[in-house]
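Input: a single structure, listed below in structure tokens.
What follows is calculated from the coordinates using simple rules that are stated; it is not laboratory data. Owing to the predicted nature of the structure, the values given are computational and were not obtained by experimental measurement. Cβ atoms come from the backbone with ideal geometry, glycine included; neighbour counts cover every protein chain shown.
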């Protein structure tokens, strides 16, 4: 008989910044799960399905009883808990507040399409109940790149979702995939991704390097001729991306284990320093402080 407070279906994913959070699954898998660059939810046991509401509420009650006031953060899993309706999300957030009163932050992954059928007023209600931040895998602001990788989103759909979330007071942590456009579409990927960030001014921005531990066949099926930019090409793309950014106050991180060159700062204050680091590495890659290949976690 299952006795743990929470039933997990492996593998379980969460953003690096949620390392100290209680992982609370509201769904298994990802409701879209068609992106050709993503391998996170391709395991047979991760087929998408919402959890039964009673199971979720019982898990919250059990965690409250087991951990008392120790839990400060909760991450709503799996791939996009925000796909659930307000009818499902509101009781979950109310239960977290009731059963784990020490929680100060609730977060979730969020696909732009998850926001399409939620009004700003509904998002404000979720924020008032404790939903503080969502992680939005935008991946690119370029419509051609997005279509080639079967993201199912556009510049416009991502912009609208990010603007609604911002208006509702929910912080946005946006992810862009360095190298996703390959060599051929690198320039437009960088330019349009920067344009999307400039239009929405997210609170947090992170770049990861696209990688394929299980091989590139899935991506190449819809993106014939895709070729990786290489380390120098990745840095040149990043230089173009950051050069085009006009952000007022966004915490920027390019320090995920997939990144060759670690960059951290606040944009725009640190834009000159970040560009200086990039240009120095591009000019002399043999002496740059790049992460060794063996240390890159993919």
In the chain, what % of DSSP beta bridges are antiparallel (nearest 5)?
20
Computed E for residue 248/residue 72 - FRET, C-beta separation, R0 35 angstrom, nearest 0.05
0.75
Going by a ≥ b ≥ c, the root eigenvalues of the Cα gyration tensor, does the stretch 235-298 fall in the rounded group (a/c under 1.5), the prolate group (a/b larger than b/c) or the oblate group?
oblate
Taking 7 Å along the Cα-to-C-beta vector as the label spot, tell me the residue 227-residue 14 distance in nanometres, rounded to one decimal.
4.2
Degrees between helix 86-99 axis and first principal axis of the chain (Cα, 0 to 90, nearest 10):
70
Which shape class, rounded, prolate or oblate, goes with the stretch 135-293 when its Cα gyration tensor gives a ≥ b ≥ c as root eigenvalues, a/c under 1.5 marks rounded, and past that a/b bigger than b/c marks prolate?
oblate
Additional length obtainable on full extension of the chain from residue 198 to residue 52, 0.36 nm per residue less Cα span
48.6 nm
Grab the beta carbon distance between residue 4 and residue 287, set R0 = 45 Å, and tell me the FRET efficiency rounded to 0.05.
0.35
Distance between Cα centroids, the stretch 198-217 to the stretch 35-84: provide it in whole Å.
22
Order 4-15, 33-44, 201-212 from most to least packed using the mean count of other Cβ atoms within 10 Å.
201-212, 33-44, 4-15
Over the chain: helical MRE at 222 nm, DSSP H runs n ≥ 4 each giving -39500 (n - 2.57), nearest 500
-11000 deg cm²/dmol
Once residue 116 and residue 147 are pulled to full extension, the length gained, defined as 0.36 nm per residue separation minus their Cα-Cα distance, is 9.3 nm
Starting from the Kirkwood Rh over alpha-carbon pairs, what translational D in µm² s⁻¹ does the chain have by Stokes-Einstein at 4 °C and 1.567 mPa s?
65
